[in-house]
Amino acid sequence: MNKTLATLLVLAAGALALVFARELFHAETPVGGPNDAAQVEEGFKVAVARLRPMLPKKIDAATTLRDVSSARMVLTYHYVVDSDNYDLQPNFMQTAQRVTTTLVCNTQDMRSAMKVGAVYEYKYSDGSSKPLGGFVVTSADCG
């Protein structure tokens with residue numbers, strides 16, 4: 001019998017991505033956060049270069065951060081969810097988006113990056129690489 005994938009997994013995945021981005025991006029930017037697009041792009045490249053050797057990274061029993069990538073002003077996190085052993089709740093993506101957006105918007109360095117055009121993208125797939133959904137977080141989402 002499959003276990004139900006709880007909101008806690010979404011929290012863990014969002015929190016880990018947040019910690020990675022926050023720590024790596026913070027180390028590369030001046031006090032107060034990035035102030036132009038070039039700093040954001042360079043910070044994203046450095047974050048990807050530092051994160052990839054640590055991947056895949058098990059977030060919890062059902063979620064693995066498989067990859068991270070960047071393209072100009074977009075930093076993308078790629079997650080795999082063990083849907084063979086866990087049932088996804090119908091509102092999984094909505095919950096993931098709500099929780100992750102709150103975390104990102106409450107992180108000063110990430111907000112500063114978004115003010116100059118940065119976008120944080122989150123993609124989820126199952127163990128067979130079938131897309132489960134995704135979302136982006138932009139400055140407009142932070143109100």
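Quick note: the coordinates plus some simple rules give every number you see, no bench work behind them. Here the structure is a predicted model, which means the values were calculated and not measured. Methodologically, a virtual Cβ is constructed for each residue, glycine included, from the backbone with ideal geometry; neighbour enumeration extends over all protein chains shown.
Summary of values
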item: Long-range HN-HN contacts of residue 59 with modeled amide H, under 5 Å; result: 64, 65
item: Cα gyration tensor shape of the range 32-112, rounded if a/c is under 1.5, else prolate or oblate by comparing a/b with b/c; result: oblate
item: Vicinal HN-Hα couplings computed from phi for the range 78-88 (Karplus, 6.51 cos²θ - 1.76 cosθ + 1.60; Hz; Gly/Pro x); result: 10, 10, 10, 10, 6, 7, 6, 10, 9, 8, 7
item: Label-point gap, in nm, between residue 42 and residue 140 - each point 7 angstrom along Cα→Cβ; result: 2.9 nm
item: Paramagnetic label zone (point 7 Å from Cα along Cα-to-C-beta, residue 61; backbone N under 19 Å) in the range 70-109; result: 80-90, 92
item: Enclosed volume per residue, in Å³, of the convex hull spanned by Cα atoms of the range 82-142; result: 85 Å³
item: Sorted peptide list for 133-140, 44-51, criterion being average Cβ within 10 angstrom, highest first; result: 44-51, 133-140
item: Integer Hz, Karplus 6.51/-1.76/1.60 couplings in order for the range 43-55, x for Gly and Pro; result: x, 5, 4, 5, 4, 4, 4, 7, 6, 3, x, 8, 9
